[in-house]
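The values are calculated or read from the model by the stated rules, or taken from the named source; none is laboratory data. Note that the structure is a prediction, hence the values are computed from the model and not measured. Cβ placement follows ideal geometry from the backbone for every residue including glycine, while neighbour counts extend to all protein chains displayed.
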Amino acid sequence: MKRIQFICQLLSAIAGVLFVTGFNSCKPEPEKISFAVCADVHKDIMYDTEDRLKEFVEAATDFHADFIIHLGDFCCPYEKNQSFLDIWNSFEGEKYHVMGNHDTDGGFTKQETIDFWNSKGQYYSFDNNNFHLVVLSGNDVNPAKEKSSGYPFYIGKKQQEWLEQDLRSTDKKVIIFSHQPLETKEGIENSEEIMNILNAANEEAGFTKVIACFSGHFHSDYYKKINGIYFIQINSMSYQWLGKRNESPGYSKETYAQFPNLLYTAPYKDPVYGLVTIDERSIHIEGRKTEFVGLTPEELGITNENTPMPSVSDRDLLLAE
C-alpha cells in the first residue's frame, strides 16, 4: 500500500513540474520595440555624411530595428541632397523624420522640407506594438516675438492642444521625439508649459504613461529623469560646433573649400548613434563611441562639466512598475 502511495505521489509531483514548466514556457514575451536613432547629421556642413548614413542604415538593418528616426538638422531640400536621402530611404522598415531648426536653411519653407523628405508633417504620432510614439516640432514662432531674429524654439498653442488630445487618445506607454530638448528653456522657450502637459497626462492616467523623451540639438550625450520621465539627449552623428575657436584643420584644403563651415567644428572620426530597445521594464541603448578629428575641445580650452564627447553612451534605464 505504501509503495502504491509513493508511486502516486511521485507521478503527481512530476505532473506538477511539467504543468508549471509548460505554463512558464507559454508565457508571452513582454511587448517591446526596437529602433535606431540619430541626430544632427548636418548633411550641409559635414563632408562625409553619406558614408555615415550608410553605416547607420546597415547597423539598423543588422539590429532588426522596427523603424529608424532622426531627430532633426538632417538635410535641407536641395536637389543635390537627393542621393543622401536615398540612403535613408533604403532602409526597408518604417522611417520617421523630426524637423530641426536648420532643416529650412537656405530660404526653404517647412512644407518644402516636409515634402522633400516625404515626412508625415511637422508633428504627428504613430503606434508600434504596445507603444505610442509622438513627434513634436520645436520650431513654432512665439507670438510675442514674431519680429525677433534667430531660430524659434517654441511649441505653440495649436500644437499644445493637439498634444494634449493625442496623449488622452491612447492607453499605451508614450515615447516622444523632438529636435530641441523639452525639459529646459534653453531647448524649448516655453518648456514649462510642455512639461505641465506631460506631467498632467501621467497624473490623469494614474501611471507613468509618458516614459521617455528623445531629443538632439545640443550635440551632447546625457539623460535626466524628471517626475518619472526620462529625457535622453542623442549626440550629433557628426561633430561639435565650436565656432571661430576651432581652426585646426583635420581635413584637406579641398574639403574645407567645399564645406567651409566644417572648419569651425570638432568633427567625429566615425558616426555616433543609438540602437534602442524598450520593453515594459527598461530602456536599453546600445551606443557608439569614437574620437575627434583634429584638436579636441579640451585642447581648445573647453573644459567644463559639459565638455563635449564624441559618443552616444550605452544605457540601461529602469522603468516604473
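Observations
- In the range 138-171, of all residues being in contact with a His (Cβ under 9 Å, 6 or more places away or on another chain) and in a helix (DSSP H, G or I), the one that is surrounded by the fewest Cβ atoms within 10 Å (Cβ to Cβ) corresponds to Asp166.
- Checking Asp171, Asp127, Asp115 one by one, the residue that is in contact with a Pro (Cβ under 9 Å, 6 or more places away or on another chain) and among the charged types (D, E, K, R) is Asp115 and no other.
- Within the range 203-246, being charged (D, E, K, R) and over 19 Å from Glu280 (Cβ atoms) holds for Glu203, Glu204, Asp221, Lys224, Lys244, Arg245.
- Residues that are in a loop (DSSP other than H, G, I, E, B) and modelled with pLDDT of 95 or more, drawn from the range 108-137: Phe108, Thr109, Asn118, Ser119, Lys120, Gly121, Gln122, Tyr123, Leu136, Ser137
- Checked against the criterion of being crowded, with 18+ Cβ neighbours inside 10 Å and either part of a strand (DSSP E or B) or modelled with pLDDT under 95 (or both), the range 299-308 contains one or more residues that satisfy it.
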